[in-house]
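Trainee: Pasting a structure below so you can have a look.
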Amino acid sequence: MSKIVKVEPMRFAGYPLKVRLGGENPFPKFWEEVFADGRHERLQQLKGRCKADYGICIMHDEVNMDYVIAAALEEDAIVPDGLFACEIPGGEYLMVETTIATLGEAWNQITGWLDDNDYKIAHGTSFEFYDERMGQPEMKFDIYAPIVKK
């Protein structure tokens with residue numbers, strides 16, 4: 001299932017990982033480390049009542065990106081020392097629900113949708129939204145890809 005949604009600009013603080021695409025998948029291990037070493041707990045404390053986590057994908061070119069496990073911040077919040085700050089531009093995003101097992105298929109679905117609907121990726125920052133579904137046996141989450149009409 002995919003749908004177009006309007007996203008307001010958002011600010012985040014989190015822990016980055018430099019990634020070169022095309023090699024081994026570093027994301028599951030990175031999430032595991034962030035949960036195991038207390039960094040996730042620190043993010044939970046930043047978020048107050050918000051129970052969502054984010055995986056921010058900041059593309060620098062076709063193969064190099066920063067992946068940030070992050071918490072959303074209020075507009076005037078100060079980013080604590082030791083955390084990486086980033087922003088998501090507002091605009092239209094294509095949202096697709098997926099699982100870890102179907103993540104590659106979800107990106108193929110996004111690419112196909114773009115081609116079929118005369119859209120393209122708007123900029124190099126997409127994100128994953130993890131809410132209460134994260135704790136379910138087949139963990140579901142949403143991918144948000146920034147889009148614009150061709």
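Trainee: Give the number of residues within segment 85-96 that are of a type outside the set (Gly, Ala, Ser) and either more than 20 Å from ILE58 (Cα to Cα) or modelled with pLDDT of 95 or more (or both).
Mentor: So the count comes out to 5.
Trainee: In segment 1-17, what residues are modelled with pLDDT of 95 or more, of a type in the set (A, V, I, L, M) and under 20 Å from ILE110 (Cβ atoms)?
Mentor: Across segment 1-17, the qualifying residues are ILE4, VAL5, VAL7.
Trainee: Okay, moving on. Output the residue which, of all residues in segment 132-149 that are touching a helix residue (DSSP H, G or I) at 6+ places or on another chain (Cβ under 8 Å) and not charged (D, E, K, R), is nearest to PHE35 (Cα to Cα).
Mentor: MET139
Trainee: May I ask you to verify whether GLY112 is in contact with an Asp or Glu (Cβ under 8 Å, 6 or more places away or on another chain) and open to solvent by less than 30 Å² (accessible area, probe 1.4 Å)?
Mentor: Here the answer is no, as GLY112 does not meet what is asked.
Trainee: When you check VAL19 against the structure, is it in contact (Cβ under 8 Å) with a residue 60 or more places away in the chain and not in a helix (DSSP H, G or I), yes or no?
Mentor: Against the criterion (in contact (Cβ under 8 Å) with a residue 60 or more places away in the chain and not in a helix (DSSP H, G or I)), VAL19 does not qualify.
Trainee: Then there's this: I'm checking my understanding of the structure. Among residues of segment 115-150 that are within 17 Å of LYS3 (Cα to Cα) and of a type in the set (Gly, Ala, Ser), which one is most open to solvent (accessible area, probe 1.4 Å)?
Mentor: The qualifying residue most open to solvent (accessible area, probe 1.4 Å) is ALA122.
Trainee: Checking the structure you have, find out if any residue of segment 50-62 is among the aromatic types (Phe, Trp, Tyr) and more than 18 Å from LYS140 (Cβ to Cβ).
Mentor: Checking segment 50-62: not a single residue is among the aromatic types (Phe, Trp, Tyr) and more than 18 Å from LYS140 (Cβ to Cβ).
Trainee: May I ask you to say which residue of ARG39, ARG11, ARG20 is under 20 Å from TYR144 (Cα atoms) and in contact with a strand residue (DSSP E or B) (Cβ under 8 Å, 6 or more places away or on another chain)?
Mentor: Only one candidate passes the filter, namely ARG11.
The values are calculated or read from the model by the stated rules, or taken from the named source; none is laboratory data. Values in this document were obtained by computation on a predicted structure and should not be read as measured data. Note that each Cβ is placed from the backbone with ideal geometry, even for glycine, and that neighbours are counted across all protein chains shown. Heavy atoms of the whole protein, side chains included, go into the accessibility calculation; ligands, DNA and RNA do not. Shrake-Rupley method; radii C 1.70, N 1.55, O 1.52, S 1.80 Å.
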